[in-house]
Amino acid sequence: MNSKRKKRDNIAQTKYPILKQECDLTPTDFQRFPVWIGVHNCDSDQPWYKQPDEETYRPWIGKLPFSENSGIALVAAHFTLADGSTYQGYCTAVRKDWDDAPTPWCGTRMTPQSWSQTHGGTKLSVLGLQNPSLFVGNRAVIFNLGIPERRKKMVQRFYATVRKKPSEVFPVTFAADPKLAVGIIAGKLDGLFYFPTEGIEFEIDTGESYVHEPADAVAQPDVDSAREREGKTPSSTRVTHVSESESRTELTIQDFQRNPVWVAVPTGETRSLRNRFKFIPWRSSLPVDSERHNVRIPATFVLHDGSEYTGYIRVVPDNWLDITPPPIILERGTVIQTKSPRIRYGGSPRAIIGEHLPSLFAKGKKFSFWCGIKDSDDMKREFYRSIPTKPEDVFPIHFHGMPGLATGISSGEIEGFY
């Protein structure tokens with residue numbers, strides 16, 4: 001019995017590896033497995049791929065040094081501070097061609113720019129790709145200054161964790177064992193860094209000016225002001241308070257039967273990209289301004305053969321191409337810079353489908369047509385099993401949002417899975 005159980009456990013470990021969010025990794029994890037790889041866009045053919053997101057990692061059990069073209073590798077590294085003290089940590093292995101300009105997209109006249117050109121105009125921006133992280137106890141601290149609005153709090157938290165003066169910390173050198181991964185796995189930090197996009201100058205600063213300021217001077221934004229920064233709730237139009245039991249992380253057809261309009265608001269969750277927003281019912285005046293609120297309304301989907309299904313869409317503002325979402329700030333202070341759809345997609349009008357986020361209900365299941373994280377083949381098979389129509393009679397699908405509920409663009413066309 002024991003041998004059978006051991007064999008079964010080994011099979012389970014082969015099929016389903018240890019999966020951890022980056023913010024949950026500890027020194028013990030890197031002692032057991034010195035290299036962890038991001039499963040997003042790497043393990044798409046594996047059975048566990050439906051659960052993880054962009055922040056999910058698993059141990060690398062393949063050949064070392066890690067030299068795969070796919071997968072982001074987090075590698076165990078040693079850190080030495082200015083006072084000579086040493087710490088364990090990790091960094092991301094960066095390819096040597098990290099600053100080569102990408103290949104131009106087919107059909108676009110835009111000239112692609114390299115990473116450094118779009119992140120402060122300096123080769124030092126490789127630090128933003130390496131994202132070195134130092135362990136103090138079981139907690140990882142990073143060296144990102146963060147956006148100006150939250151910088152003081154970030155800097156004070158950094159020094160409160162390391163319990164050292166700026167002069168005792170910087171400069172910091174870090175390096176990983178070359179046997180673990182190829183590429184750039186070492187570097188030097190003269191201070192905390194910030195490499196913004198959109199032509200803004202980069203910053204490297206020890207943050208000493210913030211250390212002696214009182215901590216209570218750091219702004220503590222309330223929920224409404226946080227929503228305002230996300231660009232979803234202006235101060236002149238607050239979202240009506242609702243109980244937690246009325247909020248949703250996923251919307252169903254029954255939700256729209258009870259309430260026709262839902263808006264997405266920040267949850268305050270910063271551990272990962274998942275669950276950053278929740279949906280709450282809209283109970284104020286109509287139509288809702290889609291420029292001020294992230295709105296979902298019911299929609300009718302008409303397949304190529306004329307058959308109809310219900311679902312919902314996001315109503316897109318008329319000026320959607322030029323709207324730049326606010327930066328995404330994760331728990332560890334990582335700032336994900338965002339760009340407008342015009343810059344991201346070269347001005348292609350087809351990119352609006354990524355703003356509409358159409359979701360169709362069939363046989364009690366929701367289909368969103370997005371194959372970025374889920375396995376594309378599995379989703380397509382499930383979709384066609386739920387739609388009693390030949391594939392050639394499905395696309396294009398035209399959708400129309402219920403009129404009078406929100407301002408903006410509420411109709412469009414789905415040409416296929418995207």
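Among 83-93, 250-260, how do they line up from the highest to the lowest mean number of other beta-carbon atoms within 10 Å?
The most tightly packed comes first, giving 83-93, 250-260.
Between Asp100 and Val136, what is 0.36 nm times their sequence separation minus the Cα-Cα distance? Round to one decimal in nm.
Length difference between fully extended and current span is 9.5 nm.
Which length gain, in nm to one decimal place, applies between Asp289 and Ser67 when the Cα-Cα distance is subtracted from 0.36 nm times their residue separation?
Length gained between Asp289 and Ser67: 75.0 nm.
At a Förster radius of 25 Å, what calculated FRET efficiency corresponds to the Cβ-Cβ distance of Ala160 and Ala82, to the nearest 0.05?
The calculated FRET efficiency here is 0.90.
Run through the range 342-418 and list the trypsin sites (Lys or Arg not before Pro) located in a DSSP loop whose Cβ has at most 13 other Cβ atoms within 10 Å.
Sparse-neighbourhood loop trypsin sites (Lys or Arg not before Pro): Lys363.
Taking a 32 Å limit on the Cα-Cα distance, which of the listed pairs Lys188/Lys339; Lys123/Lys164; Lys153/Lys179; Lys339/Lys390; Lys96/Lys153 fall beyond it?
Lys153/Lys179; Lys339/Lys390; Lys96/Lys153
Find how much the distance from Arg381 to His304 grows on full extension, using 0.36 nm per residue of separation minus their present alpha carbon separation; answer in nm with one decimal.
Difference between extended and current length: 25.9 nm.
Nearest 0.05, what FRET efficiency do Arg258 and Phe417 give at R0 = 35 Å with Cβ-Cβ as r?
That gives a FRET efficiency of 0.70.
Every number here is computed from the coordinates shown, using simple stated rules; none is lab data. This structure is a prediction, so every number in the text was calculated from the model and none was measured. Every residue, glycine among them, receives a Cβ derived from its backbone with ideal geometry; neighbour counts consider all protein chains shown.
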